Amino acid sequence: MAALQNLFVPRARIATFDVTLRIEDLNNVPPLNGLFYAKWKCQTHGGSSPRVPVVNREVLWSHAVRQAVDIPIGRDGVLAPCELRIAIRQVSCALAWTRLCVRV
């Protein structure tokens, strides 16, 4: 319901923010075979990081994303909430691991 209300907000009541999301690393990963990547979503914008193997119990991405996000301002002058979701996923496929080793 709240998402529908945001569609009809006048442009004067929308604040645009330049958001920089930086995904650095994941520590203390158990010794697993496979690739890890991070998926993120904020309002209608989303994306994912490159797939990276575990090295020394760490996954190092150093992935930065820069995006403009529009957040509506309520009638009371307060910004509406904007949820950022980040999920860490694992690809445990022998074929994907082989392809990564061939590229390196």
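The values are calculated or read from the model by the stated rules, or taken from the named source; none is laboratory data. Quantities reported herein were computed from a predicted structural model and do not represent experimental measurements. Heads up, the Cβs are rebuilt from the backbone with ideal geometry, glycines too, and the neighbour counts pull from every protein chain shown. Protein only, heavy atoms only, side chains kept; ligands, DNA and RNA dropped before computing areas. Shrake-Rupley method; radii C 1.70, N 1.55, O 1.52, S 1.80 Å.
Inside segment 27-72, can you point out the residues that are in contact (Cβ under 8 Å) with a residue 60 or more places away in the chain and open to solvent by 50 Å² or more (accessible area, probe 1.4 Å)?
Those that are in contact (Cβ under 8 Å) with a residue 60 or more places away in the chain and open to solvent by 50 Å² or more (accessible area, probe 1.4 Å): L32, N33.
Just for segment 4-29: of the residues that are in a loop (DSSP other than H, G, I, E, B) and farther than 17 Å from A68 by Cβ, which one is nearest to the chain's Cα centre (by Cα)?
Filtering first and then ranking leaves N27.
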